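The values are calculated or read from the model by the stated rules, or taken from the named source; none is laboratory data. Keep in mind that what you see is a predicted model, and the values were worked out from it rather than measured. Reconstructed Cβ throughout: ideal geometry from the backbone, glycine too, with neighbour counts over all protein chains shown. Only protein heavy atoms, including side chains, enter the accessible area calculation; ligands, DNA and RNA are left aside. Shrake-Rupley method; radii C 1.70, N 1.55, O 1.52, S 1.80 Å.
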Amino acid sequence: MDLYKKWCDATKKKTKRKHYWTYVEKDGGRAEIREALAKTMRSHYDRLDRIAQDVERLGYKLAATILREQLPQTKKGRSGDLGEILATELVEEEIGLRVPVRRLRYKDGRNMAMRGDDFIGAGYGGDGHNDLWLLKGEAKSNKVLGKTTVASARKVLDRDSGRCTPDSLAFVANRLLESSDAADMALGRDLRDQVALKNVPAGRIDHMLYTMSGNGPHASLEVDLEAAGTNRDQYVVNLHIVDHQEFIKEMYEEAEDLGND
């Protein structure tokens, strides 16, 4: 689904390997994608076929109860999760790498934040188109975005020498190895090997600092990008949602609503 293309106007600046992207909602854009985004949100917490099976067996009301038990109910939990969901969708829509595991399905508690890298993109590229390529991502969602939050996100991206953290990489790899799909299993093996080998060069480990905020792109984002290294693709992104808190509430209510009997 071309979520951002239908929803937002984008401004993109590129200097060598540094990318600065800002998104603002189009007039009527939110209404255009509301239903599709709600469905996408559900898919990050559970497989859509399982939700459909719940509806078939139990009806809409009880199926919605099961789904609701997996969705965060606190403002902080919802804000953080939605930022991660929207970052994941942007990677797959605009960069072309997969974020192969929907990690919110594996939370210890629906209102708890997960440890590790917020999202990992993976795929193959290079001269022979078969070299492993990774993206390490950090997502932040704030009503008011500021310098402290941006600096904190960059610190996380830079840790482990800029590589995906071993525990996060192993988590994604192990979930892929549980698949019956041959391509998923092959990618899972390559990712698992990286926990030990660490031989993907920095030039094939991109970084993304994704922000969703009510105050729009804070000046610290461009400052952060200017200071970032040039040995990898650096993506700094802001999605400006004027009614940040209301948007999050609205979208979780939409996601929880599976319909009527």
Limited to the stretch 193-208, what total is found for residues that are under 21 Å from residue 96 (Cβ atoms) and open to solvent by 10 Å² or more (accessible area, probe 1.4 Å)?
5
Tell me yes or no: at least one residue of the stretch 177-192 is closer than 24 Å to residue 17 by Cα, open to solvent by 10 Å² or more (accessible area, probe 1.4 Å) and over 19 Å from the mean Cα position of the chain (by Cα).
no
Considering residues of the stretch 87-113 that are open to solvent by 50 Å² or more (accessible area, probe 1.4 Å) and among the hydrophobic types (A, V, I, L, M, F, W, C) only, the residue farthest from the chain's Cα centre (by Cα)
112
Is it the case that residue 22 is of a type in the set (S, T, N, Q) and open to solvent by less than 70 Å² (accessible area, probe 1.4 Å)?
yes
Residue under question is residue 198, and the condition is that it be without any contact (Cβ under 8 Å) to a residue 40 or more places away in the chain and either within 30 Å of residue 68 (Cβ to Cβ) or of a type outside the set (Gly, Ala, Ser) (or both); does it hold?
yes
Counting just the residues of the stretch 159-180 that are assigned to a helix (DSSP H, G or I) and among the polar types (S, T, N, Q), which one comes out nearest to residue 231 (Cα to Cα)?
161
Mind counting the residues in the stretch 209-251 that are open to solvent by 10 Å² or more (accessible area, probe 1.4 Å), hydroxyl-bearing (Ser, Thr, Tyr) and under 24 Å from residue 4 (Cβ atoms)?
2
